[in-house]
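Data block below; observations after.
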Amino acid sequence: MLAPRFATLLTSLLAAATAVTAVAATGAPAGAVTGGGGRESWSGVWSTALQRPVANELTGPNWSTEGFAAESVRQVVRVSAGGTGVRVRLSNLYGAAPLRLTGATVGKAGDGAAVRPGTLRPLTFGRSASVTVPPGRTLASDAVPLTTSPLEKLTVTLYFARPTGPATFHAGGLTTSYRAAGDRRFDHAAGAFGGETSQSWYYLAGVDVTGGPRRAPGVVVAFGDSITDGAASTPGADNRYPDELAERRTAAGAAGGVLNAGLNGNMLLTDSPCLNGDAGVHRFKRDVLDQPGVRTAIVLIGINDIALDGFDVGCGAPPEIGARELIEGHRGLIRAARAHGVKIIGATLPPNEGNAYYHSAGNEKVRVEFNDWMRRSGEYDAVVDLDRVLADPDHPKALLPAYDGGDALHPSDAGMKAIARAVRLSLL
């Protein structure tokens, strides 16, 4: 007989898979994208996984709990594919009150907080410069005529005249965001933004393009935890493995976007009310299947479910997870992807001996058993064997030193490149 908690998990997974096909009949769920009307065909070219505001500065200055008031926040993103029109998605997913945006602009990024002259465009929402985003919702702007190229950087500037309250955000952006007093939407120069910076993104959910190549191969979404989020990669260098994969696709002439749905500390089966975000089984539809133009998902998640049992990260210690539970969680993602017509590729869990998480022979046994299932079961459409790609051949329970970002768990820039190289472009 299944343990009560395990049975509840399975019920939740089945409900998540069923919900994929039910949204059209029931209306937009919380977190669904609304707005951005018109007949354009959109493809995602940048996105991030959003989380609740939290009071920690593990990734540097954190503005999420205080939010913004009579301030502009300027944020830079690198798009993974190009087009002739752009829209920006903003989210109040975890807001306790309506979010009132006074106005926003988008343009091509210059150095630092600067915007390239002649590229700055006002954003509108239903033809209005200002918009109110209800709690739990994500809104897309109207289309903006702006021709973009693959791997080009865009700057989005948001101005909030009234206090926002705590901000929905992504903590581990590894990209500098800027804050300044007053309305700085139309400032091309960086001077007004010379003071406060953060390495997080605030309210930004995604950037989409229209007018790209007609035979684009479709959007790829990389889904996972801190490894996908790029935790040990160089800040400001766009060296996360999804970035490296986007560079490979661009060099090969493939025009489809690559999106990053990684989230530091994320677990597949356990919600974290503080730092680590919603469980993967609960955010998979929102962060992967609802992305415009998605055709393929790459899933790398589960190491935190195994390793964090007994570790209190500030909101209670997660429960012990065995291979059976982890496998059933992945089966839920597979069912949901197939119900949505999305190809799903699994990645084995890399070795982590030497990391603080590596505290139990039982945990290593779960990792090995899970990886064996992924390799042998044939349940994923394809498998990328990162356990073998990243392991030290002389000590396969540990990362190859050249791929170690410094903590025996998170890959370095070289490790990120190795992950991207391991994904056959023909699979996408």
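The values are calculated or read from the model by the stated rules, or taken from the named source; none is laboratory data. Here the structure is a predicted model, which means the values were calculated and not measured. In this analysis, Cβ positions are derived from the backbone assuming ideal geometry, glycine residues included, and neighbour counts consider all displayed protein chains.
Structure notes:
- Among the residues of segment 161-173, the one identified as surrounded by fewer than 23 Cβ atoms within 10 Å (Cβ to Cβ) and either within 24 Å of residue 110 (Cβ to Cβ) or under 21 Å from the mean Cα position of the chain (by Cα) (or both) is 166.
- Some residue of segment 307-324 being over 30 Å from residue 87 (Cβ atoms) and surrounded by 24 or more Cβ atoms within 10 Å (Cβ to Cβ): yes
- Boolean, residue 345 is in a loop (DSSP other than H, G, I, E, B) and β-branched (Val, Ile, Thr): no
- The set of residues in segment 365-403 being part of a loop (DSSP other than H, G, I, E, B) and buried (at least 16 other Cβ atoms within 10 Å of the Cβ) consists of 380, 381, 385, 400.
- Pair list, Cβ under 9 Å, 6 or more apart: segment 298-317 residue among the aromatic types (Phe, Trp, Tyr), other residue in a loop (DSSP other than H, G, I, E, B): 311/317; 311/318; 311/356; 311/357; 311/359
- Across segment 404-419, the number of residues qualifying as surrounded by fewer than 22 Cβ atoms within 10 Å (Cβ to Cβ) and either under 18 Å from residue 299 (Cβ atoms) or not charged (D, E, K, R) (or both) comes to 6.
- Members of segment 223-249 found to be surrounded by 20 or more Cβ atoms within 10 Å (Cβ to Cβ), in a helix (DSSP H, G or I) and of a type outside the set (Ser, Thr, Tyr), listed by number: 227, 229, 242, 243, 244, 245, 246, 249
- Restricting the first member to segment 44-73 and to residues that are without any contact (Cβ under 8 Å) to a residue 60 or more places away in the chain, and the second to residues that are surrounded by fewer than 22 Cβ atoms within 10 Å (Cβ to Cβ) and in a loop (DSSP other than H, G, I, E, B), the beta-carbon pairs closer than 7 Å and six or more apart or on different chains are 55/65.
- Residues satisfying the stated conditions in segment 404-428, i.e. assigned to a loop (DSSP other than H, G, I, E, B) and among the polar types (S, T, N, Q): 412
- Filtering segment 250-288 to residues that are assigned to a helix (DSSP H, G or I) and either of a type in the set (Asp, Glu) or surrounded by fewer than 24 Cβ atoms within 10 Å (Cβ to Cβ) (or both) leaves 250, 251, 282, 283, 285, 286, 287.
- Lone qualifier among 239, 260 - being modelled with pLDDT of 95 or more, of a type in the set (S, T, N, Q) and out of contact with any strand residue (DSSP E or B) (no Cβ under 9 Å at 6 or more places or on another chain): 239
- Which numbered condition residue 286 fails, given (1) under 23 Å from residue 137 (Cβ atoms); (2) more than 14 Å from the chain's Cα centre (by Cα): (2)
- Of all residues in segment 56-73, none are surrounded by fewer than 18 Cβ atoms within 10 Å (Cβ to Cβ), at pLDDT 95 or above and in a strand (DSSP E or B).
- Leading residue by the ranking (surrounded by the most Cβ atoms within 10 Å (Cβ to Cβ)) among those in segment 110-152 that are on the phi > 0 side of the Ramachandran plot and not basic (Lys, Arg): 151
- Of the criteria (1) buried (at least 17 other Cβ atoms within 10 Å of the Cβ); (2) at pLDDT 95 or above; (3) under 30 Å from residue 246 (Cα atoms), which one residue 355 fails: (2)
- Residues of segment 74-98 satisfying the condition of being within 16 Å of the chain's Cα centre (by Cα), closer than 20 Å to residue 218 by Cβ and outside any strand (DSSP E or B): 79, 80
- Restricting segment 182-203 to residues that are surrounded by fewer than 24 Cβ atoms within 10 Å (Cβ to Cβ) and farther than 26 Å from residue 118 by Cβ, the residue that is nearest to the chain's Cα centre (by Cα) is 199.
- Unmet criterion (only one of (1) small (Gly, Ala, Ser); (2) touching a Lys or Arg at 6+ places or on another chain (Cβ under 8 Å); (3) modelled with pLDDT under 95; (4) assigned by TED's automatic domain parsing to the domain that holds residue 307) for residue 192: (4)
- Exclusive hit being in contact (Cβ under 8 Å) with a residue 60 or more places away in the chain, of a type outside the set (A, V, I, L, M, F, W, C) and outside the structural domain of residue 276 (by TED's automatic domain parsing), set 150, 217: 150
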